[in-house]
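Working notes, structure below.
The values are calculated or read from the model by the stated rules, or taken from the named source; none is laboratory data. Bear in mind that the values here come from a model prediction, so they are computed numbers and not experimental data. Cβ: placed from backbone, ideal geometry, glycine included. Neighbour counts: every protein chain shown. For accessibility, only protein heavy atoms count, side chains too; no ligands or nucleic acids. Shrake-Rupley method; radii C 1.70, N 1.55, O 1.52, S 1.80 Å.
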Amino acid sequence: MNHEKSKAAFAKACEVIPGGVNSPVRAFQSVGGEPIFVDHAKGSHIVDIDGNEYIDYICSWGPFVLGHSHPMMAEGALEAIQRGISYGLPTEIETRMAELICSAYKSAEMVRMVNSGTEATMSAIRAARGYTGKDKIIKFEGCYHGHSDCLLVKSGSGALTFGMPTSPGVPADVVKNTLVCRYNDLVSVKETVEANQGEIAAIILEPIAGNMGVIPPRPGFLEGLRTLCTEQGIVLIFDEVISGFRAAFGGASELYGVDPDMVCFGKIIGSGLPVGAYAGKREIMSVISPKGPVYQAGTLSGNPLAMFMGLKLLAYLKEHREIYQRVEEYAAKLEAGMRDLLTKHGLRYQINRVGSLLCLFFTEQEVISYDDVKTCDTTKFSKYFQCMLGRGILLAPSQFEAMFVSAAHTQEDLEKTLHAMDQALSACEE
């Protein structure tokens, strides 16, 4: 494939944007080479500025359950823009969006809109601290909750990709109240709670880890956290920025039957536009200003255009729940085909899947924790990524991110993907 225009665009971007990109993983730095620059996308395909076409398994990191540029999403969009894209005043559509979120999550009795997943998790923790009067929080190794200071400790996503789970620029005093436990290890949590008795405000986690690849919760893990938090008066926060309305309409809470005290959302509730939200039990959310003393604000929070697009998507998904079954079936077919190819090539790589999210780990051991993820052969993944890209398959440019299957993917897409994978695996083992 010819990428000359993308190379030129990247060189130009590097002059005025740090690293040439506005989010680290986009740089392709961990997989070698340089990023492709997108011209447009439709359905399950992306076309770069050189005219190369790819089957897309990034889906803007999850929100495009229906694929890119779904015709239904365009209906009324121009009128919404013409009505005004920001007012700095309340609109009724914000209430309708909040009501829809509350209908999907039992634990969501009140909702506050923000502008990103990072804002959502940061604000939820502040609310939990204000509600409990405690300072310490527990997070998990490899779980990424955005780039706010107190959460950028042993995190996943781009921080893990670049080998910097703890970022420079984060003061020690800021993270001294952030305790880190092992994902899927309930014993480590109980020991930490016991050692900090009466001091922990919240436990925050991705109920389906999606920023160190895809790692589902082991049986009893979420249930154990729920019991522990109830007993100890700790606020349990689910970060469903990736899994919310993606793994199921009610996210991980619906899949596993465990209700947190608070839940955070990101880009999917704006159908890919910049947006986030945090929600929770009424007594917790009532501490937030102007109803309560915990301050949080945002000029663009509840942006009417983002609310319009997000409400259209979520209302459609609510009415057409069969879409979740369809993308589950597509992802299951893809997983089965991938496993057949691994067997054919005599390889013992691992595949984890939850619904329409899956990940191929370049390691021989079962992947259930951050320590397991660190055993992956990232050099081999980089070669695999480039082989797939050269055959028109666009994967997340990191071993530590998910593949997302959408309702726009077709049987032909799956067959082309598996054919490319067959060739890529051969190349990786040479």
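Tabulated data for the structure shown
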item	result
Förster-model FRET efficiency, 35 Å R0, Ser426 and Glu194, C-beta, rounded to 0.05	0.10
Cα-based equivalent ellipsoid of the chain: semi-axis lengths in Å, sorted from largest, via gyration tensor	33, 27, 21
The stretch 316-385 - percent of accessible surface contributed by carbon and sulfur, probe 1.4 Å	43 percent
Residues with amide H under 5 Å from that of Leu179, placed H, sequence gap 5 or more	Ile137, Ile138, Lys139
Percent accessible area from carbon and sulfur atoms, the stretch 241-298, protein chains only, probe 1.4 Å	56 percent
Net charge over other residues, Cβ less than 12 angstrom from the Cβ of Ala41 (K, R count +1; D, E count -1)	-3
Share of Cα-Cα pairs in the stretch 336-430 lying beyond 19 Å, as whole percent	37 percent
Loop-located chymotrypsin sites (Phe, Trp or Tyr not before Pro) in the stretch 311-420 whose Cβ has at most 10 other Cβ within 10 Å (DSSP)	none
When each of Lys134/Lys291; Lys7/Lys312; Lys7/Lys42; Lys12/Lys267; Lys333/Lys383 is checked by Cα-Cα distance, pairs over 30 Å	Lys7/Lys312
The chain, relative contact order [Cα under 8 Å, separation at least 6], %	22 percent
Surface accessible to a 1.4 Å probe, per residue, for the residues of the chain, Å²	42 Å²
